[in-house]
Amino acid sequence: MSPSKLPKLPSIRDLIQLYNLKAKQQLSQNFIMDKNVTDKIVGLAGLELDNALCVEVGPGPGLLTRSILDRGARNVIAVEKDERFLPTLHQLQDAADGRFRVLLGDMLKVDHQAIIDSGLQLESNADKHIESFNYVHLIGNLPFGVATPLLVQWLHLLALKQGIFSAPNVSMSLMFQKEVGDRITAYASESARGRLSVVAQSICDVFKIYNVPSTSFVPRPKVDATVVQLRPLEKPLLKSSLKTLEHVTRFAFMKRRKMLARIFKDWDPSQLALLEECEIDPTLRPQDVSTEKFCMLAQIIEQRSIKLP
């Protein structure tokens, strides 16, 4: 039997006025007021909700949370840093018939075991381990100021199969400012290509699922947003540690306008042989190199303990 939709609740706009929930600029907060937008995001994410744990990051007043629950999610845990939103989220928790719980905490610092334990408490028949869930879905309208550090942290945990990323099937459906979303999804020779592109694509299939205009937010930000979905590759391209790949891409993209031949000559002319070994054209610029080639380069550098500048 599928869970019913939520009962009629006060509008998010009314709750924001009632509790005087003004967005904090220092926390990069922007609210979406239109549930048609959040319904669209959840629908296009294509989440497999049968025995799934949905972890929402930064729910704020809870509009995206409502869309997740109305879609049929049985196990939803939201991690919220700003305690001002607890009254609205607790109201939603009471209305959700045991399907939703909020945790107060900073997602950059929260113990993932606390998330897992909370999720397992919502599913009475589950065993006490993360593998009890067929899927884990991480979803959220990320504060623009911390979106990139959060994603990098999650990619490291995914590479190591730690925390909520130790589940058999994981997906991330995350909202970024459009410029960041463009970088994550940019492939070789695209203008937005950069370090984040390579790092994300080394272990995930990445694609945009929905563009959100700035007019959808209150207060209105200066830029549009985009929702990016990341799903782990069946065969990750990453052959080294993600830390080594980060170091290699940082080294290369610091001089992104130069050809690789010049970048390597400036560092150590003898290391030009690395490019030949990886069959990388030395006349290319960093943005023109495929993720697979960057991963090969990182693997050799790690295996040989080569020190990059």
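The values are calculated or read from the model by the stated rules, or taken from the named source; none is laboratory data. Everything numeric here is computed off the predicted structure, so don't read it as measured data. Using ideal geometry, Cβ is built from the backbone for each residue, glycine included, and neighbour counts are taken over all protein chains shown.
Hey, among Leu138, Leu155, which residue is buried (at least 17 other Cβ atoms within 10 Å of the Cβ), at pLDDT 85 or above, assigned to a helix (DSSP H, G or I) and within 13 Å of the chain's Cα centre (by Cα)? Talk me through it step by step, then tell me what you get.
Numbers: Leu138 fails: assigned to a helix (DSSP H, G or I).
Just a single option satisfies the conditions, and that option is Leu155.
Check whether at least one residue in region 171-187 is at positive phi, of a type in the set (Ser, Thr, Tyr) and part of a loop (DSSP other than H, G, I, E, B), and report yes or no. Write out each step before concluding.
Step one: list which residues in region 171-187 are at positive phi, which gives none.
Checked against the condition, which is being at positive phi, of a type in the set (Ser, Thr, Tyr) and part of a loop (DSSP other than H, G, I, E, B), region 171-187 yields no hits at all.
For Val110, state whether it is free of Cβ contacts under 8 Å to residues at least 40 places away in the same chain and part of a strand (DSSP E or B).
On the way: free of Cβ contacts under 8 Å to residues at least 40 places away in the same chain: yes; part of a strand (DSSP E or B): no.
So Val110 fails the test.
Check region 166-188 and report whether any residue there is in contact with an Asp or Glu (Cβ under 8 Å, 6 or more places away or on another chain), under 30 Å from Leu260 (Cβ atoms) and among the hydroxyl-bearing types (Ser, Thr, Tyr).
Looking through region 166-188, none of the residues is in contact with an Asp or Glu (Cβ under 8 Å, 6 or more places away or on another chain), under 30 Å from Leu260 (Cβ atoms) and among the hydroxyl-bearing types (Ser, Thr, Tyr).
Taking the residues in region 279-298 that are in a loop (DSSP other than H, G, I, E, B) and under 24 Å from the mean Cα position of the chain (by Cα) as candidates, determine which candidate is surrounded by the most Cβ atoms within 10 Å (Cβ to Cβ). Lay out the reasoning, then the answer.
Of region 279-298, the ones in a loop (DSSP other than H, G, I, E, B) are 279-285, 289-290.
Restricting the remaining residues to those that are under 24 Å from the mean Cα position of the chain (by Cα) gives 289-290.
Values: Val289: 22, Ser290: 16.
Restricting to residues being in a loop (DSSP other than H, G, I, E, B) and under 24 Å from the mean Cα position of the chain (by Cα), the top hit is Val289.
Looking at region 81-88, is at least one residue surrounded by 23 or more Cβ atoms within 10 Å (Cβ to Cβ), assigned to a helix (DSSP H, G or I) and out of contact with any strand residue (DSSP E or B) (no Cβ under 6 Å at 6 or more places or on another chain)? Walk me through how you get there before you give the answer.
We begin by selecting, within region 81-88, every residue surrounded by 23 or more Cβ atoms within 10 Å (Cβ to Cβ); these are 85, 88.
Subset that is assigned to a helix (DSSP H, G or I): 85, 88.
Now restrict to residues that are out of contact with any strand residue (DSSP E or B) (no Cβ under 6 Å at 6 or more places or on another chain): 85, 88.
Checked against the condition, which is being surrounded by 23 or more Cβ atoms within 10 Å (Cβ to Cβ), assigned to a helix (DSSP H, G or I) and out of contact with any strand residue (DSSP E or B) (no Cβ under 6 Å at 6 or more places or on another chain), region 81-88 yields at least one hit.
What about Arg262, is it outside any loop (DSSP other than H, G, I, E, B), at negative phi, surrounded by 14 or more Cβ atoms within 10 Å (Cβ to Cβ) and among the basic types (Lys, Arg)? Show your work before the answer.
Numbers: outside any loop (DSSP other than H, G, I, E, B): yes; at negative phi: yes; surrounded by 14 or more Cβ atoms within 10 Å (Cβ to Cβ): yes; among the basic types (Lys, Arg): yes.
The answer is yes for Arg262.
Within region 200-233, restricting attention to residues that are charged (D, E, K, R) and over 18 Å from the mean Cα position of the chain (by Cα), which residue is surrounded by the most Cβ atoms within 10 Å (Cβ to Cβ)?
Arg220
Name every residue in region 59-91 that is of a type in the set (A, V, I, L, M) and either in contact with a Lys or Arg (Cβ under 7 Å, 6 or more places away or on another chain) or not assigned by TED's automatic domain parsing to the domain that holds Leu18 (or both), in order of residue number.
Let us first name the residues in region 59-91 that are of a type in the set (A, V, I, L, M), namely 63-64, 68-69, 73, 76-79, 86, 89.
Passing the criteria: Leu63, Leu69, Ala73, Val76, Ile77.
Can Lys208 be described as under 27 Å from Val37 (Cβ atoms) and either not hydrophobic (A, V, I, L, M, F, W, C) or not in a strand (DSSP E or B) (or both)? Outline the logic, then answer.
Values: under 27 Å from Val37 (Cβ atoms): yes; either not hydrophobic (A, V, I, L, M, F, W, C) or not in a strand (DSSP E or B) (or both): yes.
For Lys208, the condition - under 27 Å from Val37 (Cβ atoms) and either not hydrophobic (A, V, I, L, M, F, W, C) or not in a strand (DSSP E or B) (or both) - is met.
Of the conditions (1) closer than 30 Å to Gln17 by Cα; (2) touching a Ser or Thr at 6+ places or on another chain (Cβ under 7 Å), Arg183 satisfies every one except a single condition; which number is it?
(1)
Could you tell me how many of the residues in region 43-66 are within 18 Å of the chain's Cα centre (by Cα), part of a helix (DSSP H, G or I) and crowded, with 23+ Cβ neighbours inside 10 Å?
Kept after step one, since they are within 18 Å of the chain's Cα centre (by Cα), are these residues of region 43-66: 43-48, 52-60, 64-65.
Then keep just the ones that are part of a helix (DSSP H, G or I); that gives 43-45, 64-65.
Narrowing further to those that are crowded, with 23+ Cβ neighbours inside 10 Å: 64-65.
Looking only at that region, the number is 2.
Out of all the residues in region 231-244, which are of a type in the set (A, V, I, L, M, F, W, C) and either closer than 21 Å to Pro213 by Cα or in contact (Cβ under 8 Å) with a residue 60 or more places away in the chain (or both)? Outline the logic, then answer.
First, the residues of region 231-244 that are of a type in the set (A, V, I, L, M, F, W, C): 233, 237-238, 242.
Selection gives Leu238, Leu242.
Among (1) among the hydrophobic types (A, V, I, L, M, F, W, C); (2) surrounded by fewer than 15 Cβ atoms within 10 Å (Cβ to Cβ); (3) in contact with a His (Cβ under 8 Å, 6 or more places away or on another chain), where does Leu242 come up short?
Here Leu242 clears every test but (2).
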